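Read through the structure below, which is laid out as structure tokens, and then see the notes.
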Amino acid sequence: MLVRALQRHPLVIIGTVVLTLKLLLLALDSTPLFFMGDSGAYIGVALDGYVLATTSSGYGLLVQWLAVWPSTLTTLVWAQVLAGAVTAWLAAFILVRYLGVQPLTALLVAIAGSVEPLQVLHERLVLAEAFTQLLWATYLLLGLVYLRRPRLISLVAVCGVGLLLVTLRVAYVPLAWGSVLLPVLPLLARRVGRTPNGMGYQPIVHLVVGLVVMLGLHSGYRAWMGARTHMAPTYLPYDGYHIASAWAPLLIPADASDPPARQVLSGMLAEDPSALRDRFRREENRWLPGGLVARLHAAFEGDDLAGSRAAQAMAMTAAWRNPLAVLKLGVQSYLDHWRLLPMLEARLRVEQGSDRPLDAPFVALLGERFGLDATHSAETMTLSRRYHLAAQPWYIVLLLAPALILLGVLLAKPAARLAALWLLLTSSTILLALGAAYAYHVSPPSGCS
């Protein structure tokens, strides 16, 4: 009977199953978790309204609406669990409507997405990931809507959701800009099994319109951010620092047009070349005393606006000088996940926030504003944390995702190959963008650098 109902009303059945699973998991564990200091920064945005200098502030507004106003973090967890349920349902919707997958297979994928360990953990962490995944799924779906029936309204919607992604995670800027390429993807149809007929000048017109819309949206957002921080238009107040430290292995003194920045690079390479060249020290270059950013701060006499601009300029010069090196850095960062597998459990403990206790002032703030006793939050192994640690073999499967998606493109039915290609391009962009930046790293084993 269930199989028959699934064939008749697949999306209703899948939605019901997913929501039931999510509510069951929520009943078993609804404890808010924290990854410091990102969680503390987002709560600070929610309480005080300031703009973060190191990451997008949009999630702070969601925390304000969903936690500060009701004076509890429980409602935030509920909302993130609901966002995860919608994300899983959207995945099934895409599979059924755009990739021609059988409803039973789509149901199994939606169930897997609902109980996926990282997803379950992030729905309980005070981090932007749960809502980011929802927006990414929406972005992917709207792109498929456009590819099936190219209309300007669909293209504008994709551009708009792309900007919303950036407000949650600035690392998604490359993905957001990728939406302007949607109009030319059908031109590859002869290579992916479909023949576009009678398209005329439509792709060119849509490409131009998409570019104009993206320029308008992102210029407006950058100007708004600049106005809020009393700075020049920017995605982040000091985004130059972040990108320069992320691409530090690529930098040479000639990339810097400002004498102080050039002296910093020359000095670091003269003292210890590995301080820049070792990609495992990028986090050190961003945050620690003696790192690249700390030295730029000192070189520009505390003027972080000038220092950040100089950092961004030299990073962009390095990228234009050797764009393949940026791509290589992203690939290396992906491969580093394989090389760091012996340290997987330690990295998972960092990721779930159980590696160190919360600061006493932050614990006091949680108690005062949200009625939450988080004194033993770090050492309390909640169900979602235990599940996250126990799922280590699953993360090896996740590392194979790029190859699995590529295989899916090659094996997709001709009518679904364009949709599969869009999935491959968006996933690859996210992977390379996040990889060419960096995630936090536990120190690598000897020989990994």
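Rule-based calculations on the coordinates, nothing more; no lab input. This one's a predicted model, so the numbers in the text were calculated from it and none came from an experiment. Note that each Cβ is placed from the backbone with ideal geometry, even for glycine, and that neighbours are counted across all protein chains shown.
A cut-off of 5 Å between modelled amide H atoms, ignoring neighbours fewer than 5 places along the same chain, links Leu372 with Gly367.
Shape call for region 302-388 from the C-alpha gyration tensor, a ≥ b ≥ c root eigenvalues: rounded (a/c under 1.5), prolate (a/b greater than b/c) or oblate? Oblate. Near Leu33, the amide H atoms lying under 5 Å from its own belong to Leu125, Val126; only residues 5 or more places off or on other chains count, and H is placed 1.01 Å from N. Please name whichever of Ala137, Thr167, Ser114 sits farthest to the positive end of the charge dipole of region 96-193, dipole taken about the Cα centre and charges placed at Cβ: Lys and Arg +1, Asp and Glu -1. The one lying farthest along the dipole's positive direction is Ala137. Overall, the anisotropy analysis places the chain in the oblate class: the square-rooted eigenvalues a ≥ b ≥ c of its C-alpha gyration tensor yield a/c not less than 1.5, with a/b not exceeding b/c. Projecting each Cα onto the charge dipole of the chain (Lys/Arg +1, Asp/Glu -1 at the beta carbon, about the Cα centre), which of Gly371, Leu288, Gly210 comes out farthest on the positive side? In the chain, that residue is Gly210.
Packing, as the average of other Cβ atoms within 10 Å across residues, places the peptides 358-371, 159-172 in the order 159-172, 358-371, highest first.
Taking every alpha-carbon pair under 8 Å whose residues sit at least 6 apart, the chain reaches a relative contact order of 18 percent. For region 239-321, the Cβ-based charge dipole about the Cα centre amounts to some 280 debye (Lys, Arg positive; Asp, Glu negative; other atoms uncharged). Converting phi to 3J(HN,Hα) with the Karplus coefficients 6.51, -1.76 and 1.60 and the offset θ = phi - 60°, region 260-269 yields x, 5, 5, 5, 4, 4, 4, x, 5, 5 Hz in sequence order, with x at every glycine or proline. Charged neighbours of Leu423, selected by a Cβ distance under 15 Å, balance to +4 (K, R count +1; D, E count -1). Between Ala88, Met268, Thr317, the Cα set farthest toward the positive side of the dipole of the chain (charges on each charged residue's Cβ, about the Cα centre) is that of Ala88. Between rounded, prolate and oblate, where does region 239-321 land on the alpha carbon gyration tensor, with a ≥ b ≥ c its root eigenvalues, rounded for a/c under 1.5, else prolate if a/b exceeds b/c? In terms of gyration-tensor shape, rounded. Here the 3J(HN,Hα) profile of region 228-242, calculated from phi with Karplus coefficients 6.51, -1.76 and 1.60 at θ = phi - 60°, is 5, 9, 6, 9, 5, x, 6, 6, 9, x, 10, 5, x, 4, 5 Hz, Gly and Pro shown as x. Spatial offset of region 132-176 relative to region 44-84 amounts to 22 Å, using the alpha carbon center of each.
Dipole magnitude for region 200-287: about 260 debye, using +1 per Lys or Arg Cβ and -1 per Asp or Glu Cβ, origin at the Cα centre.
Based on C-alpha pairs under 8 angstrom that are at least 6 apart in sequence, region 71-217 has a relative contact order of 19 percent.
Evaluated with a Cβ-only charge set (Lys, Arg +1; Asp, Glu -1), the chain carries a dipole of roughly 2080 debye about its Cα centre, given to the nearest 20. Calculated mean residue ellipticity at 222 nm for the chain: -21000 deg cm²/dmol, from DSSP H runs with n ≥ 4 weighted as -39500 (n - 2.57), summed, divided by the residue count and rounded to 500. Phi angles of region 377-382 translate, via the Karplus equation with coefficients 6.51, -1.76, 1.60 and θ = phi - 60°, into HN-Hα couplings of 4, 5, 8, 7, 8, 5 Hz per residue; Gly and Pro are given as x.
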